[in-house]
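Q: The structure that follows is given in the form of structure tokens.
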Amino acid sequence: MKGSVKPVKKTKAEEPELEPLCCCEYIDRNGEKNHVAACLCDCQDLDEGCDRWITCKSMQPETCEKIMDTISDRLRIPWLRGAKKVNISILPPLFLLPVFLRVASWHFLLGVVVLTSLPMLALWYYYLTHRRKEQTLFFLSLGLFSLGYMYYVFLQEVVPKGRVGPTRLALLTCGLLLILFALYRAKKNPGYLRNPAHDDRALSGSQVECLNRKGPEKTKGLPSADLSGSLNNRAPKDETKDSPRTSAGSPAKGKEDWCAKCQLVRPARAWHCRICGICVRRMDHHCVWINSCVGESNHQAFILALLVFLLTSVYGITLTLDTICTDRSVFTALFYCPGVYADYSSALCFTCVWYSVIITGSMAYIFLIQLINISYNVTEREVQQALRQRTGRRLLCGLIVDTGRYNRGFLRNWHQFSTLGVHPFHHPAEDIV
């Protein structure tokens, strides 16, 4: 009897925790089970905001933040074993970009206004999120959807005109696929620093569960494959309280830097990303277009993605202008194409061309800066630090900054860049003191 009663009590006690979720159910931010169909129910903050908006009363910033948090928590799609949360920052480009480009195709002046305001809005949103040190999928969504929408307009409006053959279309399609492949490679682990000493320690089940619960708050936006590694970088406070003093007093570790957040000693040229919440080996910068850092392991893929994008974009722009302005050169047609707004199809193509030119120009500037930094063997992080501290040699009005610390000559710098991540060495700076 006793043996038959104990399993019944155990299953009853664990039944609420092990109860599976249906495709439309989820656990909200308050830890309670909720349903997708009840997304508009029991929302006091939203009701208060609507009442204030109807009565023309001002809303406090705290109320707006609560409303946005509630919307982002309840915006989900049905999925296996529970509804999945949809990041709200990926939605604006999906709706606003086609609307803006089609409105800009109505008239030349509308095109000037829209194409001028779009970069300003993107810069404003960038500085807004950058100041708050928040990760956002807005720019990644904008980049991917721009590629898809430009390709869709090319297939719908340019190809039917008969001036683009199958070979050219296949070449453009291959370029698009190569861009996606390079972006996939660039999104991988940029070189997150891990703590081998702490990885060898066995953790109990309760400690692992506690870390997994607190992990998303500290490693917001990290890929799931690297979440465990980033959590293991945190060591107990009582064991690392005196570590910075020890590392600072060691003359053999003059080029190393102690990270109090990750509780490890960083090797030379590594840096802690405040947006990703983890240290990155040979960190160059945090790129909003891939929503990840550019470091030792993905810097080559990042350069490849930029190069393939520039070549594919220039080729697509050339094919489009050659189709809608047949009697003019590409450069002349870009600034003077008479009668292009007489036909809505040609006007839409011309507007998309100028939108692509703006994006291509900004990517070309980033690509140029990257080539210069690689040639002088400096990272963007080191350049910004040198500009703030007024160190290093500045050439061409600050476009080129040579710190002189790692510069070994043009060929050796490019050879070192080409072998990044190929022959990794275990630097003692990764060890916990």
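Q: Over 14 Å apart: what share of the alpha carbon pairs of segment 299-339 falls there, rounded to a whole percent?
A: 53 percent
Q: Using modelled backbone amide H atoms (1.01 Å from N, in-plane), which distant-in-sequence or interchain residues come within less than 5 Å of residue 284's amide H?
A: 294, 295
Q: Based on alpha-carbon centroids, what's the gap between segment 145-165 and segment 357-381 in Å, whole number please?
A: So the two Cα centres are separated by 29 Å.
Q: Put one equal scatterer on each alpha carbon of segment 57-193, apply the Debye formula with no solvent term, and list log10 I(q)/I(0) at q = 0.14, 0.16, 0.17, 0.19 1/Å to two decimals.
A: -0.98, -1.18, -1.26, -1.35
Q: Now for a separate question. From the phi of every residue in segment 104-112, what ³J(HN,Hα) in whole Hz does the Karplus formula 6.51 cos²θ - 1.76 cosθ + 1.60 yield, where θ is phi - 60° and glycine or proline is x?
A: Values, residue by residue: 5, 7, 6, 8, 4, 5, 4, x, 5 Hz.
Q: For segment 279-433, taking Cα atoms only, what is the radius of gyration to one decimal and the Dmax to the nearest whole Å?
A: Rg and Dmax of segment 279-433, Cα atoms, are 20.6, 72 Å.
Q: What full-extension length gain, to one decimal in nm, is calculated for residue 385 and residue 411 as 0.36 nm per residue of separation minus the Cα-Cα distance?
A: 6.9 nm
Q: Given the peptides 403-411, 379-387, arrange them by the average over their residues of other C-beta atoms within 10 Å, most packed first.
A: 379-387, 403-411
Q: Let me check I've understood the local charge: for residue 163, count other residues with C-beta under 13 angstrom from its C-beta, Lys and Arg +1, Asp and Glu -1. What total comes out?
A: Value of the local net charge: -1.
Each reported figure results from applying straightforward, stated rules to the coordinates on display, with no laboratory input. Since the model is a prediction, treat every value here as computed from it, not as a measurement. All Cβ positions, glycine included, derive from the backbone under ideal geometry; neighbour counts span all protein chains shown.
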